[in-house]
Amino acid sequence: KNQVEQSPQSLIILEGKNCTLQCNYTVSPFSNLRWYKQDTGRGPVSLTIMTFSENTKSNGRYTATLDADTKQSSLHITASQLSDSASYICVVSAPNAGKSTFGDGTTLTVKP
Amino acid sequence: GAGVSQSPSNKVTEKGKDVELRCDPISGHTALYWYRQSLGQGLEFLIYFQGNSAPDKSGLPSDRFSAERTGGSVSTLTIQRTQQEDSAVYLCASSLVLAGRTGELFFGEGSRLTVL
């Protein structure tokens, strides 16, 4: 069964600090992995997409990594801001799949 | 429209009533998805459409749930004889191509359903 496991479940950090969120998956074969950010009361928004051949991709203060061999991904947030408080969801897709496998998300709280 | 539009944004109903939730996807997006999200929980897949057909209905919780899409555009999710456990936010997303072909999901703001 395809699964996506995220850790930690929740995280509290102080504004300005860095943090790293983890995603392990069993989806095989693999097409792509996306990280979504979901603000409270809103729909998720894509931050990055990683395909098989990509190891690192940055989007501003967000940097995603992928190790397709170990089936692990991470999302690193640099110099956190209060607006980074949200749920971060890891989503993995198989080739030509209609639907994806969603993780349960990591809830990040950034405090002043 | 510029984004995915869902209506109503909030719906309060009595147990046993039927409800219809509407999703208007981004123009030109062939794939449309419905998810359910209970308070503090992750997204639960319900159904997706490719054009007007639904290749995967495996996530629908029971036969009280049904969905249709007409004209390759607007979709309606219908819940019959609502139960209290149906209370959740129902999220719709559309995509230009399927997720397995690197399609990015664009989500609406959701319809919050409360069954009393």
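Number of residues in region A:6-33 that are in contact with an Asp or Glu (Cβ under 8 Å, 6 or more places away or on another chain) and more than 16 Å from A:ILE77 (Cβ to Cβ): the value is 3.
Considering (1) open to solvent by less than 60 Å² (accessible area, probe 1.4 Å); (2) more than 10 Å from chain B (Cβ to nearest Cβ); (3) among the hydrophobic types (A, V, I, L, M, F, W, C), the lone condition that A:LEU82 does not fulfil carries the number (1).
Against the conditions (1) of a type outside the set (Ser, Thr, Tyr); (2) surrounded by 14 or more Cβ atoms within 10 Å (Cβ to Cβ); (3) modelled with pLDDT under 95, B:GLY28 satisfies every one except (2).
May I ask you to verify whether A:SER28 is surrounded by 16 or more Cβ atoms within 10 Å (Cβ to Cβ) and more than 10 Å from every other protein chain (Cβ to nearest Cβ)? For A:SER28, the condition - surrounded by 16 or more Cβ atoms within 10 Å (Cβ to Cβ) and more than 10 Å from every other protein chain (Cβ to nearest Cβ) - is not met.
A search for C-beta distances below 6 Å between a residue of region B:17-38 that is within 13 Å of B:ASN52 (Cα to Cα) and any residue that is of a type in the set (Ser, Thr, Tyr), counting only pairs 6+ apart in sequence or on different chains, returns B:PRO25/B:SER94; B:HIS29/B:SER94; B:HIS29/B:SER95; B:ALA31/B:SER95; B:LEU32/B:SER75; B:LEU32/B:SER94; B:TYR33/B:TYR48. Please work out if B:PRO61 is part of a strand (DSSP E or B) and open to solvent by 30 Å² or more (accessible area, probe 1.4 Å). Answer is no for this residue. In region B:38-48, the count of residues that are modelled with pLDDT of 90 or more, more than 22 Å from A:SER87 (Cβ to Cβ) and either open to solvent by 30 Å² or more (accessible area, probe 1.4 Å) or not in a loop (DSSP other than H, G, I, E, B) (or both) is one or more.
Of all residues in region B:7-25, those that are open to solvent by less than 20 Å² (accessible area, probe 1.4 Å) and either among the aromatic types (Phe, Trp, Tyr) or part of a loop (DSSP other than H, G, I, E, B) (or both) total 1. Could you please give the count of residues in region B:62-107 that are in contact (Cβ under 8 Å) with a residue 24 or more places away in the chain, within 15 Å of A:SER93 (Cβ to Cβ) and among the hydroxyl-bearing types (Ser, Thr, Tyr)? Number of matching residues: 1. Checked against (1) within 9 Å of chain A (Cβ to nearest Cβ); (2) assigned to a helix (DSSP H, G or I), B:GLU85 passes all but a single condition, namely (1). Scan region A:68-76 and tell me whether some residue there is within 14 Å of chain B (Cβ to nearest Cβ), open to solvent by less than 60 Å² (accessible area, probe 1.4 Å) and closer than 19 Å to B:ALA99 by Cα. No, region A:68-76 contains no residue that is within 14 Å of chain B (Cβ to nearest Cβ), open to solvent by less than 60 Å² (accessible area, probe 1.4 Å) and closer than 19 Å to B:ALA99 by Cα. Within region B:92-112, the set of residues being assigned to a loop (DSSP other than H, G, I, E, B), open to solvent by 10 Å² or more (accessible area, probe 1.4 Å) and facing chain A (nearest Cβ under 7 Å) comprises B:LEU98, B:THR102, B:GLU104, B:GLU109. Tell me yes or no: at least one residue of region B:66-79 is away from every other protein chain (no Cβ under 11 Å), within 23 Å of A:GLY41 (Cα to Cα), assigned to a helix (DSSP H, G or I) and not acidic (Asp, Glu). The answer is no; no qualifying residue exists.
The values are calculated or read from the model by the stated rules, or taken from the named source; none is laboratory data. Keep in mind that this is a model prediction, so the values were computed, not measured. We place every Cβ from the backbone using ideal geometry, glycine too, and count neighbours over all the protein chains shown. When the accessible area is computed, the model is the full protein with side chains, heavy atoms only, and any ligands, DNA or RNA have been set aside. Shrake-Rupley method; radii C 1.70, N 1.55, O 1.52, S 1.80 Å.
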